[in-house]
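Bear in mind these aren't lab numbers, they're just calculated from the coordinates by the rules spelled out. Not measured: the values here are computed from a predicted model. Using ideal geometry, Cβ is built from the backbone for each residue, glycine included, and neighbour counts are taken over all protein chains shown.
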Amino acid sequence: MKNKLFIKVFSIVMLGMSCFTIFSVPTKKVLGIENRGTTQVQDLNLDTWMDTSFQDSLEKSFADHFIYREEWLTAYYTMNTKLSESMNFINPVLGNERVKIEIFEKINRITIDQTRFLVPQASPFAYYIKMNMLANVETINKLSSKINVPIFLYIIPQSKDTSLIYSEFNIAPYKQFIKANLKIPYDFFEVYTLNGYLKTYSRTDHHWTYQGAYQGYKDIAMNVFNEEPVAITKNLCFPKFEFYGSFSRSVAGAIKVDFDPVCTYTYDYQPKSININDEFVESYGGLKDYQNDLDLLYDKYLNHYSQMFKGANIKLEIDSGFMDKPNVLLLGNSFTSPIRYPLSYHASHLYYYSLEYILQAEPNFDLLAFIKEKEIDQVIMVYQLDALRQKTLSQQIETLLK
């Protein structure tokens, strides 16, 4: 009798929650705790029904809009974290007492001295990764042969891609693979010490810090332009803001780590003009927002990395005012956000595009015609190592070249 009553009550509650979810679907656009937009339901037609994309999108959209989703996720990850902590496996890096690794279900907590990071498990150099990297490298080679303009590729290993943290990880096979197959100039971003690691990588996010990005920018300036970097004038931090990025959100903040400070550099350089998405703006990035203490900065789910440095999916033109310098096309993603502005110091015009933006916003974009029209002298590609491990980059380039 009790079981039947429980089943009835549970069924009524679930039915009520499902009805509420269905009727609330149109009002929810962003999942703040997961730092992503909600899944949109595909149009229903014969094709989307037969290939099941409609059913898949309906299921995912329903899950995204389920009542109290954020609270459920927080409870789930908190429970898993407590269980992991109660029977945790702690693995100090061999020969380095400064590092402690705590293994959790989805991501690991790394403590260097007293600073706590979230770092995914290192990716083995598996066969499928080699095949994806080969597809990406061959497509970049193909792009180089078609545009007949020098291309430089800058590769950024992420926080997991180092033996400083995971003693079993070895970057050498990746370097050997790139050397054997890539036919254009390239370089790897490298961090050699734990002190450097502490400055270079975000504690809670998959991006590099503003300090790490500046080091990467210096590498590119020397490799591509054979020039010294533009001088830093100020190091600005905003201590009232605490940033918890993509790694922290992936576990709903359940694993306690140190927040990322919100900081940036300013430079001894003012370009002639800046155009973002076909609109002229006074400055690049969100520094003035922080200096003016805007209300939007207090959203607990705000991505301060994107807010400070601008997001990935934009198109950008910076006219430096230096007529004697080359025209540069920068291709990349959000990892380029902190370096676009200082890189423009070395160009007459710097154009930035993300391939994702081109394919979504300008499906008829002709890359070869653009390079010819803008008289591009140099193409720079900047991607993290994970982007080369996946197929998406080669697919995007192939689509552009069709």
Task: ³J(HN,Hα), Karplus 6.51/-1.76/1.60, whole Hz, each residue of region 221-226, x for Gly, Pro - done: 4, 6, 5, 8, 10, 6
TODO: Go through region 196-208 residue by residue and turn each phi into a ³J(HN,Hα) via Karplus (6.51, -1.76, 1.60, θ = phi - 60°); whole Hz please, and just put x for glycine and proline.
DONE: x, 4, 4, 8, 8, 10, 5, 7, 10, 9, 7, 8, 7
Open item on the list: Quick check: from the Cα gyration tensor, does region 323-369 come out rounded (a/c under 1.5), prolate or oblate?
Closed with: oblate
Open item on the list: List the GluC sites (Glu not before Pro) within region 212-283 that DSSP assigns to loop and that have no more than 14 neighbouring Cβ atoms inside 10 Å.
Closed with: E227, E282
Task: In sequence order, calculated HN-Hα J values of region 212-219 (Karplus, 6.51, -1.76, 1.60; Hz; x Gly/Pro) - done: x, 4, 5, 5, x, 4, 4, 4
